[in-house]
Structures are given as C-alpha cells and as structure tokens.
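The values are calculated or read from the model by the stated rules, or taken from the named source; none is laboratory data. Every value quoted in this text rests on a predicted model; they were computed, and no experiment measured them. Neighbour counts are summed over all protein chains in view; Cβ atoms, including those assigned to glycine, are modelled from backbone coordinates with ideal geometry.
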2 protein chains.
Amino acid sequence: MEEFSLIDHFLRPLALAPEALGLRDDAALLASRPGHRLVVSADMLQAGVHFFADDPPDAIAQKALRVNLSDLAAMGAEPYGYFLCLGLPEGMDETWLRAFCDGLSADQATYGITLLGGDTTRTHGPLSLSLTVMGWVPEGQALHRMGARPGDQLCVSGTLGDAALGLIERPSAAHARYLRPLPRLSLGTALRGVATAAMDISDGLVQDAGHLASASGVGLRMEAARVPLSMAVRDAIAEGRFTLAQVLTGGDDYELLFTLPPDIALPPETTCIGEVTTSPGLQVVDASGHPMHFARPGYRHRWEASS
Amino acid sequence: MEEFSLIDHFLRPLALAPEALGLRDDAALLASRPGHRLVVSADMLQAGVHFFADDPPDAIAQKALRVNLSDLAAMGAEPYGYFLCLGLPEGMDETWLRAFCDGLSADQATYGITLLGGDTTRTHGPLSLSLTVMGWVPEGQALHRMGARPGDQLCVSGTLGDAALGLIERPSAAHARYLRPLPRLSLGTALRGVATAAMDISDGLVQDAGHLASASGVGLRMEAARVPLSMAVRDAIAEGRFTLAQVLTGGDDYELLFTLPPDIALPPETTCIGEVTTSPGLQVVDASGHPMHFARPGYRHRWEASS
C-alpha cells in the first residue's frame, strides 16, 4: 500500500464534489453561500486516547466525523464537507482501510457531506486522525455558548452517561453509543433563533456546563435527579456498576446542552435539568437539594512536564 | 500543564480575529468574501517523518504553517487563517510550547494570518500536528495543475535541492531551508491569469512534475542542467557530497513548478527548465540530451502491510 494508490483507491471515490478538484490539486476551492457563514470545527483523535486501536475501523471513522458534526450541531449549522488527515502506522492493511473508508462513505450519505481534501502520512506512533468539518449557518443565526440569561431553562438532549458506561462495559448497547455518537444536527438547526446559548457535551456535563456558564457570565443550577438516563444506565446505577457522578462527569455524550427562555416549550427528546441564575458558576444539587461536589468535573487532556 | 490553561496561555493570544470567537465556542464562524473563493489545504506532520522531534520548536511550528502556505501559493491564493490540531506527547514542557507558539506568532505577522480554531490532545505517540490553512483567490483566477499546453515553458522558482541537502548536512545554510521553507506567495498571486498550470514542489521535482503532466494530460521535457542550484548545492555536488539526482528527487523544496505560454517573460527569480510536449509523461535529459532515469522519483509514504 502506497500513498498515491491509497488516495486513488480509497479516498478519491469519497471526494466527488467539484470543489475537491478530484484531490488532484494542492488545495480545495470552496464557493461561498450567499447569506450564510461557514462554520468550521477541527478535532484530532488519537488511538489509545479517543478510541481503541482495535475498535472497528468503520466506527473509528464515523466517530471522528461525528464528534466534529456534533460541534456543527452546537452552532446550529448544516453539514457541508470535511478534510481528513490520516497518520497511518506501519501494518495498516487494505482490509482495515477499506472498512474505514466504508464507514466514511456511509456517514457521507447519512449526513449529506463530502470529502473535500486532506493528507495521508506515515506515523511512527499510533493511528492519528485529524478532521476539519465545515457547515453552513444563515447569517446571524449561529448558536453560541454566550447568551444564557438568568431565568432561562437549562436543557439537554437525549440521555447522558451511555457512552461513559459503554466505555467500561464492552460489548453492550451503551458501547454502541461510545463507538458511534449521534450528532444532534436537527435539534441544532431547530434551536436557531430560540436557544439563548448552546454547546455540545463532549467532556462531561458538569465540566462543559461550567464552560457555558463562564462564556455567558451567568450561573447555572442543575438538578442531578432530572438528568435524563437510559434504561441501561438506570439499571447499571441500580446494580452498583455505575454511579450518577460518572454520568455527570463522563465524556463522549455528544448531546446538546442549551438554554431556553422560560416561556419556550422544550423540543422533542430534550429535558429541562435546571435553570440559569445570577450567581456565577455551576451548582449541582442532588434529589434532596444538597450541593454535589466532584473531584474531577470531566475529561481533560493533561501533560506531565518532564524535568 | 493542562488542556484549558494551554489554550488560555498559549493559543488564545494567537486567535484575535472575531471569527475565531476567542476559541470559546464549538467552532469558528467565517464570513465569505464577495467575488472570491476560499482555498483550503490540510496537511499532517509527524515527528520522525516530517521533522525531527528535537528540531527547534519554533521551526517545527513554522514548517507546519509554511508547507500549507506553499499549497496556497500554488493555487494563487492570499493567506487568511489556519486551524491547528496539536497531539502532544507526555513531557512537553511550557518552554517548548512557548517557543512553538512564538514561531506561530512570528509567522502570523509575516504572512498576515490568524489562528481560527483547532484542538489540543494527548498522544501516546510522537508529536503530531495537523493544520488546515485557508486563503482567498478571486473568482475564476485560481491556479491549477491541469491546463499546461504543448509548447508552454516549464519553469521553477528559486533553487532546488537545498532542503534535501540540509536534511543530510546539519547544521548548514541548506539546513535552514529544510527547517523553514519559504512559501512563494507573491509569485503565486503574480502567476494568476498568466501561468497555464502550477503546483508546489514538495515531494521531489521529478515525481511532482509527473503529477503536473498527468493532471494536464501532456508531456514534459525537462533539461536537468537548467535546474537552478544554489552555490551550496553546486559545491556539494562538485565535492561529491550530493548528486544531481538527489536534487531532482529530494523532497521539501516548496518552490513552485509552473508552465507559461511561450511568449510570456519569466517573473523574477524563476528559471525555465524545459517545455511542455504532446507525448505523455515526463522526460528528463542530461546536459548531453540523454534521458535520465531515477529509481525513486520522489518522496512517498508507504505502509508495509502486516501479514
């Protein structure tokens, strides 16, 4: 397997839009869309950090795409296309690459996106992926993390904690949520002009809610008992295999966290879990109204400095 | 050192344009530029493949930016901004990060670009960088690899082989060319509406010229004796430390290869090295007019498939 045949056989068939120039030029050439802004999100995923090297290759591809699509959803954007940089270790065979690209192909159809360009390189480390994903949002209608106002409802989509449970219990129904997040794109566009603030929950609800509070310059009061849980997560908590704290601080949910004015009805499959307050910071209370504290509010990358 | 303080202390000061949203949102929000197309190039660089882990951190940052800027130059684009994904191994200290970001900052000033977004993660492998760089080109004026016509002049900018020599002779003046390529942005914009085809030379003149010939559906006849050489490369060849074949097939030149109609005068600091022909493929001839052959026409990433 060699760089140019990899591009010919696997990547070019994914890049059919004219602006990709058949992956034959030095760059892609994108037209603008009148009345819209281009929303751009870039994420890097590393084997052993964001996924396991032996996860199914199509799931690795789809997770990489979907974590970026989730960022577009959080901005209220419609997906458009993506750039893929692929750092491949020795020993990647064609079967792996075929499955990886089949995963991209399936998600291109699901989400209406196309490969626009990118790069393939060797790496002496583990598999390394970087995607830059683009979408469109009508001028003036993008959702932001700032904008939450005291009195607003604090809301989340779907159920939380499934991916964090799926990370420690493989295989399981929850593991599917870890492998393949479901970006909330329809909800994101429905929230345009309605939500006062929005973001996606990627690194744990408590930590990410703190970022929303900080960006908006407000406080948030969250009632842990109102956080929506799937049956699988309820059962796992009831059986002592999982805790509510793990739900609230575990990563990889890729649901939307957003605020709505008090008089606005909640969209389908969303839940009000608290409210926006004037006192800065995040307060999480348990079913009895007592404050909850967390040693580790969410997932963070840390680097131990060498001496 | 932790993810959010890294962003606060080192990256946010590089992201002052309003469309970066202070790196506080889920994505960047780019306005379009009327009458222009957005030119987008994405490249991944891995320590041990594209640079040495112990290269100066500011040079690593600048090389990553400049190889992408060279792609913009090849399309005739003016630089606009970039997204940076940074996969950091354990043991990266603040001194390293400070120098790396100082390199970005200096090049932002040099090239009139700004950080628009990105991601920072841990990696269990070597340092891994991925940049997506954007520029603007007036509608209908982008340069492409296709378009070369028989009878056109085949031209290159600058001198070739310096970086390939610099890779094997450290330290040296040539090594500076390896560490910090000089993207030919002014030449790229000057070639708009003039050059019939253009690309940047990143993986070796012979290999890249073959790509240009193939994209244009033409042949190229190149005279090796006309390839412009610096004094350092001439001396190295004269002293037997380097060969003309290494010049013609070595990577990392980041000069422009382009074709001009026969009646057009060459821009400054460019050299005609041959012509476009009708017979498909690339023919390289030596000073006596004899065809030259190369075991390895340029740099390619290869993966040995595991059994």
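If you check B:ASP102, B:ASP93, B:ASP71, B:ASP107 for being more than 20 Å from B:ALA42 (Cβ to Cβ), at pLDDT 95 or above and either of a type in the set (Asp, Glu) or not assigned by TED's automatic domain parsing to the domain that holds B:LEU11 (or both), only one passes: B:ASP102.
Yes/no matrix, rows are residues, columns are (1) at pLDDT 95 or above; (2) under 20 Å from the mean Cα position of the chain (by Cα); (3) among the aromatic types (Phe, Trp, Tyr):
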{"residue": "A:PRO228", "(1), (2), (3)": "yes, yes, no"}
{"residue": "A:ARG241", "(1), (2), (3)": "yes, no, no"}
{"residue": "A:THR249", "(1), (2), (3)": "yes, yes, no"}
{"residue": "A:THR259", "(1), (2), (3)": "yes, yes, no"}
{"residue": "A:THR271", "(1), (2), (3)": "yes, yes, no"}
{"residue": "A:VAL276", "(1), (2), (3)": "yes, no, no"}
{"residue": "A:VAL285", "(1), (2), (3)": "yes, no, no"}
{"residue": "A:ARG300", "(1), (2), (3)": "no, yes, no"}
{"residue": "A:SER306", "(1), (2), (3)": "no, no, no"}
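Does A:VAL218 qualify as being modelled with pLDDT of 95 or more, within 22 Å of B:LEU21 (Cα to Cα) and surrounded by fewer than 20 Cβ atoms within 10 Å (Cβ to Cβ)? For A:VAL218, the condition - modelled with pLDDT of 95 or more, within 22 Å of B:LEU21 (Cα to Cα) and surrounded by fewer than 20 Cβ atoms within 10 Å (Cβ to Cβ) - is not met.
One residue stands out in region B:59-94 among those that are of a type in the set (D, E, K, R) and at the interface with chain A (Cβ under 9 Å from one of its Cβ atoms): the one that is nearest to A:VAL39 (Cα to Cα), namely B:ASP71. Looking across region B:7-39, the residues that are of a type in the set (A, V, I, L, M), within 16 Å of A:ARG37 (Cα to Cα) and not in a loop (DSSP other than H, G, I, E, B) come down to B:ALA20, B:LEU21, B:ALA28, B:LEU29, B:LEU30, B:LEU38, B:VAL39.
Among the residues making up region B:1-31, a single one is in contact with a helix residue (DSSP H, G or I) (Cβ under 8 Å, 6 or more places away or on another chain) and of a type in the set (Phe, Trp, Tyr): B:PHE10. Out of region B:178-222, which residues are in a helix (DSSP H, G or I) and either of a type in the set (Gly, Ala, Ser) or outside the structural domain of B:GLY281 (by TED's automatic domain parsing) (or both)? Within region B:178-222, B:SER186, B:GLY188, B:ALA190, B:ALA209, B:GLY210, B:ALA213, B:SER214, B:ALA215, B:SER216 qualify. Taken residue by residue, region A:79-94 has at least one member that is touching a residue at least 40 places away in the same chain (Cβ under 8 Å), part of a helix (DSSP H, G or I) and closer than 30 Å to B:ASP200 by Cα.
Of the residues A:LEU21, A:LEU29, A:LEU38, A:LEU6, only one is at the interface with chain B (Cβ under 9 Å from one of its Cβ atoms), over 30 Å from B:ALA31 (Cβ atoms) and either surrounded by fewer than 23 Cβ atoms within 10 Å (Cβ to Cβ) or in contact (Cβ under 8 Å) with a residue 24 or more places away in the chain (or both); which?
Numbers: A:LEU21 fails: over 30 Å from B:ALA31 (Cβ atoms); A:LEU29 fails: over 30 Å from B:ALA31 (Cβ atoms); A:LEU38 fails: over 30 Å from B:ALA31 (Cβ atoms).
Just a single option satisfies the conditions, and that option is A:LEU6.
In this structure, A:SER172 does satisfy being surrounded by fewer than 22 Cβ atoms within 10 Å (Cβ to Cβ), at pLDDT below 95 and not acidic (Asp, Glu).
Is there a residue being away from chain B (no Cβ under 14 Å), part of a strand (DSSP E or B) and polar (S, T, N, Q) anywhere in region A:282-303? Yes, because at least one residue in region A:282-303 is away from chain B (no Cβ under 14 Å), part of a strand (DSSP E or B) and polar (S, T, N, Q).
Once region B:41-58 is narrowed to residues that are in a loop (DSSP other than H, G, I, E, B) and not charged (D, E, K, R), the residue that is farthest from the other protein chains (Cβ to nearest Cβ) is B:PRO56.
Going residue by residue through region A:226-249, is there one that turns out to be within 20 Å of A:LEU72 (Cα to Cα) and either of a type in the set (Gly, Ala, Ser) or touching a helix residue (DSSP H, G or I) at 6+ places or on another chain (Cβ under 8 Å) (or both)? No, there is no match, as no residue in region A:226-249 is within 20 Å of A:LEU72 (Cα to Cα) and either of a type in the set (Gly, Ala, Ser) or touching a helix residue (DSSP H, G or I) at 6+ places or on another chain (Cβ under 8 Å) (or both). Across region B:223-267, the number of residues qualifying as among the small types (Gly, Ala, Ser) and in a loop (DSSP other than H, G, I, E, B) comes to 5.
For beta carbons closer than 9 Å, sequence separation of 6+ or different chains, a first residue in region A:219-245 that is closer than 26 Å to A:ALA148 by Cβ and a second that is β-branched (Val, Ile, Thr) and assigned to a loop (DSSP other than H, G, I, E, B), the qualifying pairs are A:GLY219/A:THR278; A:VAL227/A:THR159; A:PRO228/A:THR159; A:LEU229/A:THR159; A:LEU244/A:VAL227. Being under 15 Å from A:ILE201 (Cβ atoms) and surrounded by fewer than 18 Cβ atoms within 10 Å (Cβ to Cβ) is a property that A:ARG234 lacks.
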